[in-house]
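The values are calculated or read from the model by the stated rules, or taken from the named source; none is laboratory data. Since we're looking at a predicted model, the values are computed, not measured. So basically every Cβ, Gly included, is an ideal-geometry build from the backbone, and we count neighbours across all protein chains shown. What goes into the accessible areas is simple: the full protein's heavy atoms, side chains included, and nothing from ligands, DNA or RNA. Shrake-Rupley method; radii C 1.70, N 1.55, O 1.52, S 1.80 Å.
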Amino acid sequence: MRFGISIPQFHADGEFDPAAFRTHLRRIEELGFDSGWTQEQVLTPTGLPQLGPIETMTYAAAWTERLRLGCSVFVTTLHNPVHLAKALSSLDQLSRGRLEVGVGHGGQGRAFSAFGVDPEGTVSRFTEGVALMRALWTEPTVTFDGRFWQLEDARMEPKPFQKPTPPVWFGGGHPNALRRAVRLGDGFFGAGSSTTEKFTDQVRTVREILAESSRDPGDFRIAKRIYVAVDDNAERARTRIAQSLEKLYGTPNFADVAVAGTPADCVRGVQRVADAGAELILFTPMFDEPEQTERLAAEVIPQLK
């Protein structure tokens, strides 16, 4: 089992502290976390300030040596896949092969018109875009005759440092999304907004799909983001994480997805996620990130089986 932790992205205008950011990243490495992860939210309906994932990962890459860097997830339907493939390939080169790529189509309700994207055929746009990125990452020249994008004898260099490509994780929880993950991805990443019970059902479905497919289950990884709050006062932990998630999602209905409470409470909650099948657990504190990181490393992770 591997452990990742979120890279702080929530900084209001003028409040970003480069020195504190660098210190925190180095400490994450010292504590032995496998990876640091970002999220993507270009437009923030609730007004919560959030730095962009590629920019944040690039800054993090410059100040770390071992830490793998990921985004869970890029809403790739809102991107031009050629530009995104180039940016991610460049970051994989700059980080010497430390990139992890999460992708998702974003579901309904996205502001597609703000990005010049027709919401018609969202899933087709998503799968075609991922296929085009993989082609640009692996083929010397690309001829691509798709519904949304067409290329003829196009070349993109340099390719990613990781061969054949960086790991591509698929988000989403619908059975159709899980089938796409098994068919097209290197792993499934359970959302932080999903409860442990729902994640358990999703993992069961993924394993059934893998059994029906021709691919080796050992080559397909499973991960879960966990919103977490560790506090000696369990009620305070639950209150603070509920308030933070309400700011993030704009609704008070997400408190039950978090793991919050005393260190013992958090060990039990995280262990349930691990027992459900998570091979990579992404801890996402929503406040006091340096303190929460220390407590997770000292009081929670060593107690997990």
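Details
- Here is the list for the stretch 85-193: trypsin sites (Lys or Arg not before Pro) lying in DSSP coil, each with at most 16 other C-beta atoms within 10 angstrom of its C-beta, are Arg96, Arg147, Arg155.
- Of Glu40, Glu299, Glu65, the residue with the largest accessible area leads and the full order is Glu65, Glu299, Glu40 (1.4 Å probe).
- Nearest-10 value in Å² for the accessible area of Glu152, using the 1.4 Å probe: 150 Å²
- Around the Cα centre of the stretch 1-166, unit charges on the Cβ atoms of Lys, Arg, Asp and Glu (plus for the first two, minus for the last two) sum to a dipole of about 440 debye.
- For Asp13 and Leu184, the difference between the fully extended length at 0.36 nm per residue and the C-alpha to C-alpha distance is 57.7 nm.
- Springs join every pair of Cα atoms under 10 Å in this Gaussian network model of the chain, and among Ser113, Ser213, Ser89 the largest mean-square fluctuation is at Ser113.
- Amide H contacts under 5 Å for Lys159: none, restricted to partners 5 or more places along the chain or on a different chain, H placed in the peptide plane at 1.01 Å from N.
- In the chain, taking the dipole from charged Cβ atoms about the Cα centre, the farthest positive-side position among Pro119, Ser194, Thr143 is held by Thr143.
- The chain, dipole about Cα centre (Lys/Arg Cβ +1, Asp/Glu Cβ -1), debye to the nearest 20: 520 debye
- The alpha carbon gyration tensor of the stretch 1-166 gives principal lengths a ≥ b ≥ c with a/c of 1.5 or higher and a/b no greater than b/c, which makes the shape oblate.
- Distances between placed amide hydrogens fall under 5 Å for Phe170 paired with Val103, Asp186, Gly187, Phe188, Phe189, all partners being 5 or more residues away or on another chain.
- Solvent-accessible area of Lys163, all protein chains in place: 140 Å² (probe radius 1.4 Å, heavy atoms, ligands and nucleic acids excluded).
- Axial C-alpha extent at least 30 Å, average Kyte-Doolittle at least 0.0 - helices from the chain (DSSP): none
- Positive-pole candidate from Phe161, Gly52, Ile301, dipole of the chain, charges at beta carbon: Phe161
- Fluctuation leader among Phe170, Phe188, Phe287 - the chain, Gaussian network, Cα springs under 10 angstrom: Phe287
- Long-range amide H partners of Leu99 with built H, under 5 Å: Leu69
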